[in-house]
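Presented below is the structure to which this report refers.
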Amino acid sequence: MNLLHDALQIFLTGGGIMYMLGGVAFILYATAFAALAYVNRGNLTGKDADEWPQWLSDPEHAKGRMGEALRYVVHGDRLTIKTVQRRVREVRLNLVSAIDRRLLVINTLTAAAPLAGLLGTVMGMLAMFGGLAQGGGGMEAVASGMQEALITTQTGLTIALPGLFIGLIVKAKRDAISGALARLESLILTTRFKRS
């Protein structure tokens, strides 16, 4: 209970900017964990790549999200190279753009957190200078302004650093998904459209 009390005291000492930082942190981590769940769900990164040739010969037994993509791409009797390429492009656009939208939010809020902390620093410095202008009686305002300046800066950086690492993980998974779709397209084209 003491830890919660101390955390609340630090939050209140940081001033009004802490509410902004709390909102940034909530949206950032909600989006980041949703993006992590999205890229980790299913088998889109190609972990079942050794089964793709069997799936291609019998698409109905293809598993997971990659199986859904494969069934969509090879669906129909009159399959052409252009049709395969167009469908793979549609799947890639659908999947990768959904990840890119989440990455945009993650990267923007990761950059915004230290800036909000810097805004708190400026506000704390202004409070310090106001206390200095009061003379000897304003030392409490100086100390309070210094605390606000340091706490908001530290909080902004503490919010941003994990967000940065989560964004890098999501980006790596995004690239793996895009690469897996390119490999699947190549396999379909070389298997279904062999030159005689």
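The values are calculated or read from the model by the stated rules, or taken from the named source; none is laboratory data. What you see is a predicted model; the values in this text were computed from it and never measured. We place every Cβ from the backbone using ideal geometry, glycine too, and count neighbours over all the protein chains shown. These area figures cover heavy atoms from the full protein model, side chains too; ligands, DNA and RNA do not enter into them. Shrake-Rupley method; radii C 1.70, N 1.55, O 1.52, S 1.80 Å.
When segment 161-173 is limited to residues that are open to solvent by 60 Å² or more (accessible area, probe 1.4 Å) and in contact with a Ser or Thr (Cβ under 7 Å, 6 or more places away or on another chain), the one that is nearest to Leu79 (Cα to Cα) turns out to be Lys173.
For segment 174-196, taking the residues that are small (Gly, Ala, Ser) and within 21 Å of the chain's Cα centre (by Cα), the one that is least open to solvent (accessible area, probe 1.4 Å) is identified as Ala180. Can you find a residue in segment 54-77 that is without any contact (Cβ under 8 Å) to a residue 40 or more places away in the chain, hydrophobic (A, V, I, L, M, F, W, C) and surrounded by 18 or more Cβ atoms within 10 Å (Cβ to Cβ)? Scanning segment 54-77, I find at least one residue that is without any contact (Cβ under 8 Å) to a residue 40 or more places away in the chain, hydrophobic (A, V, I, L, M, F, W, C) and surrounded by 18 or more Cβ atoms within 10 Å (Cβ to Cβ), so the answer is yes.
Taking first residues from segment 1-27 that are in a helix (DSSP H, G or I) and partners that are loosely packed, with under 12 Cβ neighbours inside 10 Å and among the hydrophobic types (A, V, I, L, M, F, W, C), the Cβ contacts under 8 Å between residues at least 6 apart in sequence or on separate chains come to Met18/Leu12.
Rundown of residues vs (1) over 25 Å from Leu8 (Cβ atoms); (2) loosely packed, with under 15 Cβ neighbours inside 10 Å, yes/no style:
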| site | (1), (2) |
| --- | --- |
| Asn107 | yes, no |
| Pro114 | no, no |
| Leu119 | no, no |
| Met123 | no, no |
| Ala143 | no, yes |
| Gln147 | no, no |
| Ile151 | no, no |
| Gly156 | no, no |
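Hey, can you tell me all the residues within segment 78-94 that are open to solvent by 50 Å² or more (accessible area, probe 1.4 Å) and either touching a Ser or Thr at 6+ places or on another chain (Cβ under 7 Å) or not in a helix (DSSP H, G or I) (or both)? Those that are open to solvent by 50 Å² or more (accessible area, probe 1.4 Å) and either touching a Ser or Thr at 6+ places or on another chain (Cβ under 7 Å) or not in a helix (DSSP H, G or I) (or both): Arg78, Thr80, Arg92.
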